[in-house]
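Visitor: Sharing a structure with you now.
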Amino acid sequence: MERPIPILFLDVDGPLIPFGPSYDRHETSGPASGAEAPPGGENPLLGRLDPAVGPCLTALGCDLVWATTWMDEANESVGPRIGLPRLPVLEWPEGPAETGPRGLHWKTRALVERAGGRPFIWVDDEIGAMDRLWVAAQHGSPFLLHRVDPSKGLTENDFSALTHWLRTAVPDRSRGTDG
């Protein structure tokens with residue numbers, strides 16, 4: 001019996017829009033300033049998006065879902081710049097999150113609930129040890145909580161780790177017609 005296609009929950013700030021003084025997508029003489037506002041008053045940080053990341057994400061063969069406070073704005077402003085189609089958006093709970101163990105990220109419960117028992121990857125820059133422990137105790141299928149260095153964003157090494165996990169943790173997964 002084939003396993004379902006894994007879900008990849010994707011954050012924007014940090015993984016797709018790198019931060020920090022060491023950020024420089026093209027590795028030239030200095031960091032991208034991000035200080036100049038693009039035409040039309042768009043968010044100046046959108047200039048830090050790397051268009052090569054979208055095809056790499058699509059090639060993983062996962063069901064991609066935005067897991068970001070950008071909400072549907074990720075479909076309007078981020079996705080088109082990196083070549084992603086319109087993606088589902090994870091809805092966050094209204095009001096304060098349920099209390100949980102100290103250190104549990106506020107996104108963690110919603111991600112596990114949305115996964116509904118399917119294998120999943122969570123790509124974020126704020127994943128901690130408590131998130132890993134909590135998911136291990138609550139989720140009965142394979143999962144990977146992949147923390148991205150927010151000063152660099154998603155790199156080749158990150159994609160190698162994601163690909164390796166998919167090959168080893170869910171090797172018999174169903175693939176979409178594109179995959």
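Since every read-out is calculated from the coordinates, none of them should be taken as a lab result. Everything numeric here is computed off the predicted structure, so don't read it as measured data. All Cβ positions, even for glycine, are placed from backbone atoms using ideal geometry, and neighbour counts span all protein chains on display.
Visitor: Please give the number of the condition GLY103 fails out of (1) within 25 Å of PHE19 (Cα to Cα); (2) buried (at least 19 other Cβ atoms within 10 Å of the Cβ); (3) of a type outside the set (D, E, K, R).
Guide: Looking at each condition in turn, GLY103 falls short on (2).
Visitor: What is the number of the single condition among (1) farther than 25 Å from ASN43 by Cα; (2) touching a Gly at 6+ places or on another chain (Cβ under 7 Å); (3) small (Gly, Ala, Ser) that GLY83 does not meet?
Guide: (1)
Visitor: Would you confirm whether or not the stretch 126-141 contains a residue that is among the acidic types (Asp, Glu) and touching a His at 6+ places or on another chain (Cβ under 7 Å)?
Guide: For the stretch 126-141, residues among the acidic types (Asp, Glu) and touching a His at 6+ places or on another chain (Cβ under 7 Å): present.
Visitor: Quickly run through the stretch 116-141 and pick out the residues that are among the hydrophobic types (A, V, I, L, M, F, W, C) and either within 17 Å of the chain's Cα centre (by Cα) or surrounded by 14 or more Cβ atoms within 10 Å (Cβ to Cβ) (or both).
Guide: Once the filter is applied, which keeps residues that are among the hydrophobic types (A, V, I, L, M, F, W, C) and either within 17 Å of the chain's Cα centre (by Cα) or surrounded by 14 or more Cβ atoms within 10 Å (Cβ to Cβ) (or both), the stretch 116-141 yields PHE120, ILE121, TRP122, VAL123, ILE127, MET130, TRP134, VAL135.
Visitor: Within the stretch 147-160, count every residue that is within 12 Å of the chain's Cα centre (by Cα) and crowded, with 19+ Cβ neighbours inside 10 Å.
Guide: The qualifying residues number 4.
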